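The values are calculated or read from the model by the stated rules, or taken from the named source; none is laboratory data. Here the structure is a predicted model, which means the values were calculated and not measured. Note: ideal-geometry Cβ built from the backbone for every residue, glycine included; neighbour counts use all protein chains shown. Just the protein is used for accessible areas: all its heavy atoms, side chains included, with ligands, DNA and RNA removed. Shrake-Rupley method; radii C 1.70, N 1.55, O 1.52, S 1.80 Å.
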Amino acid sequence: MKTLRTIEEARAALPDGGVGLAPTMGALHAGHVALFEAARRDNEVVVASIFVNPAQFGAGEDFEHYPRDEEADAALAESAGVDFLFVPSVAEMYPDAFDTWVDVGSLSAGLEGEARPGHFRGVATVCLKLFNIVRPERVYFGQKDAQQAAVVERFVEDLNLELELRVVPTVRDRDGLAVSSRNAYLSAEERAAALALPEALRAGAGAHQRGADPRAAAQAILAAEPGLQPEYVELAKLDGRMYLLAAARAGRTRLIDNVVLEGDQQ
């Protein structure tokens with residue numbers, strides 16, 4: 001595996017075709033490995049990017065404290081079949097004169113877009129830059145960030161980009177919690193409380209299958225866990241599927257998760 005740190009290096013090293021890209025912010029885990037493995041099955045060359053993108057963090061969020069361990073990330077990526085690791089600096093991606101941003105309309109307005117103003121502008125902008133630098137045929141995102149994937153899919157279609165977006169099913173730990181880099185922040189007590197989030201989504205999915213209200217079923221589970229502070233539980237249609245999505249805080253750690261209610265499972 002070769003590590004590339006500049007746009008010039010990436011453009012010189014990467015082929016014009018057969019490339020799959022998995023954009024990440026590092027702190028790699030089993031969810032990222034699932035992206036790399038999917039890309040490995042579909043493509044001749046697999047590229048993973050690691051870039052903690054300041055543009056998608058708001059005031060008071062955890063940009064400075066976001067977990068970073070490039071050595072461990074590189075070892076995991078290589079073992080999962082990644083051919084190239086693209087690890088640009090903030091100055092490389094956002095030089096002093098940078099002043100162009102990608103705004104995606106209604107898909108960015110609610111849910112995470114409402115909770116984190118400006119977040120999806122930062123996501124869309126950095127993803128478009130990565131796509132232009134790496135020139136992938138396929139890009140890979142996780143279902144846990146379903147709204148993010150839908151935002152990217154929207155601008156890929158609207159801007160006529162010649163690439164395919166693939167969404168990989170959420171990977172969960174044995175206790176059911178969706179894997180996330182931010183899970184490392186959780187204490188043992190907070191993690192126990194956080195398990196109410198996937199439990200609530202399962203209850204919501206079960207209610208939907210019975211013809212009952214999935215939001216109410218999920219909200220009842222969350223309300224019964226005093227160690228969890230819910231932010232939202234909502235239904236939304238994304239990428240042709242109906243999702244039940246939720247966000248909550250366990251201590252200072254913000255968690256998101258979702259379940260597909262209608263449409264093909266990923």
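Return the lysines within reach of LYS2: Cα separation strictly under 28 angstrom, same-chain partners fewer than 8 residues apart disregarded; answer none if there are no such residues. Cross-link targets: LYS129. For GluC sites (Glu not before Pro), no site in segment 86-133 is both called loop by DSSP and has at most 14 other Cβ atoms within 10 Å.
How much of the accessible area of the chain, in percent, comes from carbon and sulfur atoms when a 1.4 Å probe is used? Present the calculation step by step, with values, prior to reporting the outcome.
On the way: 5950 of 12460 Å².
Taking all protein chains in place, the chain shows 48 percent carbon and sulfur surface.
The C-alpha atoms of the chain define a longest principal axis, and helix 214-223 lies at about 80 degrees to it.
Between THR170, THR100, THR24, the residue with the greatest mean-square fluctuation in the GNM of the chain (Cα pairs under 10 Å linked by springs) is THR100.
At the listed q of 0.17 Å⁻¹, the Debye profile of segment 183-266, built from one uniform point per Cα, gives log10 I(q)/I(0) equal to -0.63.
Apply the Kirkwood formula to the chain: the hydrodynamic radius equals the inverse of the mean of 1/r over all pairs of different alpha-carbon atoms; give it in Å with one decimal.
Mean inverse Cα-Cα distance, inverted, gives 19.1 Å.
Spin-label model, LEU161 to ASP69: label points 7 Å out along the Cα-to-beta-carbon direction sit 3.0 nm apart.
Where the only charges are on Cβ atoms (+1 Lys, Arg; -1 Asp, Glu), what is the dipole of the chain about its Cα centre, to the nearest 20 debye?
540
For LEU261, the residues whose modelled amide H falls within less than 5 Å of its own, excluding neighbours fewer than 5 places apart on the same chain, are MET242, TYR243, LEU244. What's the center-to-center distance, using Cα atoms, between segment 191-238 and segment 44-106 in Å? Centre-to-centre (Cα) distance: 31 Å. Summed over the residues of the chain and divided among them, the accessible surface reaches 47 Å² per residue at a probe radius of 1.4 Å.
Using the alpha-carbon atoms, what tilt in degrees (0 to 90, nearest 10) does helix 119-134 show relative to the longest principal axis of the chain? Between the helix axis and the principal axis of the chain, the angle is about 30 degrees.
How high is the relative contact order of the chain, in percent, counting Cα pairs under 8 Å that sit 6 or more residues apart? It would help to have the intermediate numbers written out before the result.
On the way: 486 pairs, mean separation 46.5, N = 266.
The normalised contact order for the chain reaches 17 percent.
For the chain, the longest principal axis of the alpha carbon atoms and the long axis of helix 70-79 meet at an angle near 90°. Between ALA224, ALA203, ALA246, the Gaussian network model of the chain with springs among Cα atoms under 10 angstrom shows the greatest mean-square fluctuation at ALA224.
Taking all Cα pairs closer than 8 Å and separated by 6 or more residues, the relative contact order of segment 39-101 comes to 49 percent. The tail of the calculated P(r) for segment 17-94, taken as Cα-Cα distances beyond 17 Å, holds 45 percent of the pairs. Beta bridges assigned by DSSP with both partners in segment 131-255 are antiparallel in approximately 70 percent of cases. Dividing the helix sum by the residues of the chain, where each DSSP H run of 4 or more adds -39500 (n - 2.57), gives a mean residue ellipticity at 222 nm of -10500 deg cm²/dmol. Taking GLY60, GLY240, GLY26 in turn, the Gaussian network model of the chain (Cα-Cα springs below 10 Å) assigns the largest fluctuation to GLY60.
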